[in-house]
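Values in this text are rule-based calculations from the coordinates and carry no lab data. These numbers were taken from a predicted model, which means no experiment stands behind them. We place every Cβ from the backbone using ideal geometry, glycine too, and count neighbours over all the protein chains shown.
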Ligand SMILES: Nc1ncnc2c1ncn2[C@@H]1O[C@H](COP(=O)(O)OP(=O)(O)O)[C@@H](O)[C@H]1O
Ligand SMILES: Nc1ncnc2c1ncn2[C@@H]1O[C@H](COP(=O)(O)OP(=O)(O)O)[C@@H](O)[C@H]1O
């Protein structure tokens, strides 16, 4: 598909079970899409990491470890831009808790949201649409 | 999810644009699922090939080379069994033409359906459900 | 995933090296590279060698392209020789039962001799 | 994608080799392997070396597991030394700004000396 500027704008949708073993499938599918959008391999690795952390958080917090649910990713590929919309139907987050932690404290935990914030330009949790949450992640190539 | 025998039965859904550049994304996503279902690497490579051929045929024949459409894959993973349902909304096939060709003739073409038939145990084109076709592919581990 | 193609002039004719995935998205690039070789090679070309060691994936469109290449070689009296088939390539060849149709060599050196 | 874990007894203590992806699905296996080492090692262990050269992917759960390992080492007076970080591991460490927190060595030989 092309947008009004005649550029490609394709959407790939992935719906996966909330078992952590499918995180690998998500990573495998996303990586070539990030490359297709024109990012470098190093950028692609980081974007894959941040998306993986967002999926892990859905499993851990929205579904509270219930591995029998599903969530979806809509990945929009444009030249120099990648957008990922993650939708779950689980517990809505307490947005005040999702601020990334300060890194000066050495403890396990709090890193996931830090990675997401460090990698993506836009990170937006929308809890207003009925059940569950829509997390929008956008990265522009610089 | 578990079926009545208490075994895993998970479904991953992938919706992709009909541009051939996304075949690589389909392959990348399917491979780990086939491994998860318990197939060997060699079997997995062949299953990925056959699914790729089925997707290529949707692009070439159902969509007649229109790269702006979408099609979907529902991949059901069980221990020792993989099922893929491919859905398109394009031209329905002439089922009499889809019989795999005899291999004694050296010519380019006709190989795709041969690969699909050689790899999968069950190959079923359903053209009865409204627009488009549902192709069901099933492979059991032996 | 594009295929990387390099063309090299060798004593016997040409050596084509393919790297990556040869599928419906990229096989037309291979076809274009071969057409270029046939144009350059004209009648003087003894053989076209294709190095398949770096091919991670090949589907029926890739095989169709190789069959076409062989047919074009035959027309000009040249040989098409495939070298160093990677495991995934060997796999599709086996599945297509085409191994006996092509001249296949373990190494480029082997494929270059006796021409 | 599971992580493959091998544990080896060495002069200074233990060497843990990880291969594959360390993510939410597999980091608990790493945690279990480390717990086993701490049980075996007791107070006699000088160091736990972790070979990360074959790690293709690591996420925050993998890092959390390493931080826990370091804290457990500290309790028993042992050192945690990470060796041969693969590029993806180096990447997450950079992003987590944790490189200065761990003792990191280019090779296992380097990590084994001075203990
Ligand atoms: N999708 C989510 N739904 C609900 N809460 C979330 C979600 N993602 C993150 N959180 C909250 O943000 C906190 C920080 O998450 P994170 O940085 O990933 O670190 P960790 O998971 O190690 O605590 C979590 O403890 C949780 O309270
Ligand atoms: N999804 C499909 N929709 C319509 N026709 C199809 C489809 N798949 C295959 N066909 C028909 O079957 C024939 C054989 O296909 P195939 O074995 O893939 O070889 P090739 O594409 O090289 O002709 C095609 O020429 C086409 O007529």
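Kindly put B:59, D:5, C:10 in sequence by how many other C-beta atoms sit within 10 Å of each C-beta, fewest to most.
C:10, D:5, B:59
With all pairs of different alpha carbon atoms counted, what Kirkwood hydrodynamic radius in Å does the protein assembly as shown show?
25.3 Å
How far is residue B:141 from the same spot in each other copy, in nm, shortest first, if each label point sits 7 Å from Cα toward Cβ?
4.0
On average, how many beta carbons from a partner chain sit within 10 Å of the beta carbon of a residue in C:76-88?
If you average over the peptide's residues, the count of other-chain Cβ atoms is 1.
Copy-to-copy spacing for residue C:109, label 7 Å out on the Cα-to-C-beta vector, in nm, shortest first?
Computed spacing set for this position: 3.1 nm.
Using a label point 7 Å beyond Cα on the Cα-Cβ vector, give me the inter-copy distances for residue B:68 in nanometres, one decimal, shortest first.
Taking the point 7 Å beyond Cα along Cα→Cβ, the inter-copy spacings are 4.4 nm.
Along Cα→Cβ, 7 Å out, is where each label goes; now give me the distance between the ones at residue A:40 and residue B:60 in nm to one decimal.
According to this spin-label approximation, the distance is 3.9 nm.
Taking the Cα-to-Cβ direction at residue D:75 and at residue D:8 and moving 7 Å from each Cα, how far apart do the two end points lie in nm?
Distance between label points: 2.8 nm.
If Rh is defined by the Kirkwood formula over all Cα pairs and Rg also comes from Cα, what ratio Rg/Rh do you get for the range C:2-67?
Ratio value, two decimals: 0.96.
Could you tell me how far the Cα centroid of the range B:15-45 sits from the Cα centroid of the range D:23-79, in Å?
Cα centroid to Cα centroid, the span is 33 Å.
Roughly what angle does helix D:87-96 make with the longest principal axis of chain D, taking Cα atoms, 0 to 90 degrees, to the nearest 10?
It works out to around 90 degrees.
Which order do the peptides C:62-68, A:113-119, B:118-124 take when ranked by the mean count of other beta-carbon atoms within 10 Å per residue, highest first?
Packing proxy ranking, top to bottom: C:62-68, A:113-119, B:118-124.
State, as an integer percentage, the relative contact order of the range D:1-79 based on alpha-carbon contacts under 8 Å between residues 6 or more apart.
36 percent
If you count, for every residue in D:90-97, the Cβ atoms of partner chains within 10 Å of its Cβ, what is the mean?
That works out to 4 on average.
Angle between the Cα long axis of helix D:60-76 and the longest principal axis of chain D, 0 to 90 degrees, nearest 10?
Compared with the principal axis, the helix lies near 10 degrees.
Tell me, for the rotation carrying D onto C, which chain D residue has the beta-carbon closest to the axis and what that distance is in whole Å.
D:56, 8
Once you keep just the Cα pairs under 8 angstrom separated by 6 or more residues, what percentage relative contact order results for chain B?
26 percent
Between residue B:138 and residue A:67, what's the calculated FRET efficiency when r is the beta-carbon distance and R0 is 25 Å? Round to 0.05.
0.50
In a solvent-free Debye calculation with one equal scatterer on each Cα, what is log10 I(q)/I(0) for chain A at q = 0.09, 0.10 Å⁻¹, listed in the order of the q values?
Relative scattering, expressed as log10 I(q)/I(0), comes to -0.27, -0.33.
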